[in-house]
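Written out below as C-alpha cells is the structure these notes cover.
Values quoted throughout were computed directly from the atomic coordinates according to the rules given, and no laboratory measurement underlies them. These numbers were taken from a predicted model, which means no experiment stands behind them. Quick reminder, even Gly has a Cβ in these numbers, built from the backbone with ideal geometry, and neighbours come from all protein chains shown.
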C-alpha cells in the first residue's frame, strides 16, 4: 500500500492523518488553498486551507442534518438562501423538498463550485436544477444588498477563520433576520461543542440576541472527528424541534428520519450547561 | 510548544495524532503494551497496544452511556458483573445506583488496574467501594465457572483483537445468558458502526441469537474519533429503551439524562439498515 498521507491539523494538540490514493487537484484560489484528495478511508474529499470540508463517505450526515431539520420544521419553505455550500451538497438536500421554488446559493469562491462539478458530482448535481441560482459573491454583502425575502437561510460556511469570521457575527444574523419572511428561519453549521466550544456558544448567543427561538441539534460527522457536530437554528415563528404537520417523508435519505429529527435536539448534560 | 506526538492507528487508512505533554508510564504487561500518556488535548489517557482506551476529557460519555442506559431500564439491579473495565470508570457509574449491592469486576490484566489507581484516580476511585470485588482473571473462564447469578452483565472490553476476540462470540453471550437472572440484561460496547461495521453487526446478530430483546444505542465519544460509538443491550425481559418507573435521576452526571436515554436509541437510517 502506498505511504502518501495527508495530515490535517484540528487544534494545536490534535490532528488526523488520512492515507491518500491520489491528489486529484490542488490550486491556490483567490481566497484559499483548495485541494481534491482521494482518501483510502473516506473517498474523495474537498480540502480548503488544509481542512477537509466534506468527504464522499459521510457528507450525507452533514448535508441531511443541516437541511432537513430546519426545512421540515417550516411548513412551506419556498424561497431558500444558502450562504457557502459551494460543493452543492446542502442545495441537493434542500431541493428534495417539493415546496421549494427558488434556491439562491451564494459562494464566494467560484473555484469551489467548478472543482466540485468536476470531482464531486454527487454533490454538485444540484447546480443543474433550474430552481437554483448561483451567485459568486461575498455572502455578507449579498444579504446586505438583496431585495429578496426568504423563508429559510442556511449558513453552510467553513470554520470561522479568515473571510468566514463575519458569518458568525451578530451583525450578520441581524441582516439575515431582515431578509426573512415573518415566519422565516436560519440554520447555521455551528462547529463541534467539544473542540470549538467558544464558537458554538457564540453562535447560540448571537442568534439568541436576534431570534425569538433558538435551538441546537447534533449529529456525529465522522470526517470531522470531533465527537458531536452542531447545527443551530434560529426561528421567528416555528419550533425547530417540531416537524410541521403535513410533511411527507423524503425517500432515500441515509441519515435523517422523523425520529432522528426529534432525537437530534436532545442535548447531553454538558452541552446543555454550555448554553445556560 | 513541544513536538512530541503520539500516533494512533485506527484503520489502515486513517489515524489520529495527539500532542503529548508527558509519557507518564510505559510497560509491556503479560498481555499487552500499556502506557499512560498525558495529552495536551484530552488530558491523561490509558493506551493499550497503541490505542487510547479512555481519556480524562471525555471518558464520562462512554462510561455514563455503557452503565446508565442498561442500569436504568432494569428496575432493581442488585448484582452486577463487569468484564474488562479495569480502569474502574464503568464500575464508578454502576455504583452510583443505590440498588446495587455487589459488583464483580473481572479484569484479565492486573497492571491495568494498578496503573489506573496511580494515574487515573477519578476512574479508579471505584475500587475503594466495599461493594466491589476485583477478580484478576480471564472473563470468559470466570463466566463459565462462576456459580453466581447476576441482574446485569456489562462487557467493557477493548477492541476485538487478540485476547478480547472471544468476548464478542455467540458462545460467550450464551454463557452470560446462563448466569443472568430471569429478568437479567447484558450491555456490550460494540464499536463504531462506521469504522468497525462488521464487529458492530456481528455483536447485534450474536446477541440476537441468544436474547429475546436486543437494542442499540449511540453516543459520539470524541476520543475514539469514529463518529457515533455504539452500545448494544440484550435483555431477557425489560425493554432497554424504557427507563424503569421508579428511577431517581442521579445527580452530577455530565452526559446522560432521561431524554438522552431515549434519544440514544434512535438510529440514523444507514445504521438501522445495517441491522436489517
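Quick look at the numbers
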{"item": "Cα point-scatterer Debye curve for the protein assembly as shown, base-10 log of I(q)/I(0) at q = 0.06, 0.08, 0.12, 0.13 Å⁻¹", "result": "-0.31, -0.54, -1.15, -1.30"}
{"item": "Three-way shape call for the range A:5-55 based on the alpha-carbon gyration tensor, with the a/c threshold at 1.5", "result": "oblate"}
{"item": "Burial ordering of B:122, A:69, fewest other beta-carbon atoms within 10 Å first", "result": "B:122, A:69"}
{"item": "Relative contact order for chain B, counting Cα pairs under 8 Å that sit 6 or more residues apart, in percent", "result": "16 percent"}
{"item": "Helix B:110-119 vs. chain B, principal-axis angle (Cα, 0 to 90°, nearest 10)", "result": "70 degrees"}
{"item": "Folded to 0 to 90 degrees: helix B:197-208 orientation relative to chain B principal axis, Cα", "result": "30 degrees"}
{"item": "For the protein assembly as shown, share of DSSP beta bridges that run antiparallel, in % to the nearest 5", "result": "65 percent"}
{"item": "Antiparallel bridge percentage (DSSP; both residues within chain A; nearest 5)", "result": "65 percent"}
{"item": "For chain B, built as a Gaussian network whose Cα springs stay under 10 Å, the top-fluctuating residue of B:148, B:137, B:107", "result": "B:148"}
{"item": "Considering only the range B:121-267, percent of DSSP beta bridges that pair antiparallel, nearest 5", "result": "70 percent"}
{"item": "Between the range B:40-98 and the range B:139-180, the Cα center-to-center distance that results, in Å", "result": "17 Å"}
{"item": "Between the range A:204-268 and the range B:101-124, the alpha-carbon center distance in angstrom", "result": "39 Å"}
{"item": "Cβ-Cβ FRET estimate between residue A:9 and residue B:237, R0 fixed at 56 Å, reported to 0.05", "result": "0.65"}
{"item": "Sorted by Cβ neighbour density within 10 Å, fewest at the top, the residues B:42, B:125, A:217", "result": "B:125, B:42, A:217"}
{"item": "Label spacing, shortest first and in nm, from residue B:162 to its equivalents in the remaining copies (7 angstrom along Cα→Cβ)", "result": "4.4"}
{"item": "Acute angle (nearest 10 degrees) that the helix B:59-73 long axis makes with the longest principal axis of chain B, alpha-carbon atoms", "result": "0 degrees"}
{"item": "Relative contact order computed over the range A:139-276 (Cα-Cα under 8 Å; 6+ residues apart), in percent", "result": "22 percent"}
{"item": "Inter-copy spacing of residue A:130 label points, which lie 7 Å from Cα along Cα→Cβ, given in nm from shortest upward", "result": "8.1"}
{"item": "Inter-chain shielding of B:212-219 (mean C-beta neighbours from other protein chains, 10 Å cut-off)", "result": "1"}
{"item": "Chain lengthening between residue B:110 and residue B:270 when straightened (0.36 nm per residue, less Cα-Cα)", "result": "53.7 nm"}
{"item": "Approximate spin-label separation residue A:259-residue A:208, in nm, with each point projected 7 Å along Cα-to-Cβ", "result": "3.1 nm"}
{"item": "Shortest-first nm distances, residue B:212 label point to equivalent points in other copies (7 Å, Cα→Cβ)", "result": "4.9"}
{"item": "Expected 222 nm ellipticity per residue - DSSP helices of 4 or more, -39500 (n - 2.57), all of chain A, to 500", "result": "-7500 deg cm²/dmol"}
{"item": "Convex hull volume per residue in cubic angstrom - Cα atoms of chain B", "result": "125 Å³"}
{"item": "Virtual spin-label span in nm between residue B:141 and residue A:161, 7 Å along Cα→Cβ", "result": "5.2 nm"}
{"item": "Label point 7 Å beyond Cα of residue B:78 along Cβ direction - residues of the range B:123-150 with amide nitrogen under 19 Å", "result": "B:130-133, B:147-150"}
{"item": "Average partner coverage of B:166-179, which counts Cβ from other chains inside 10 Å", "result": "0"}
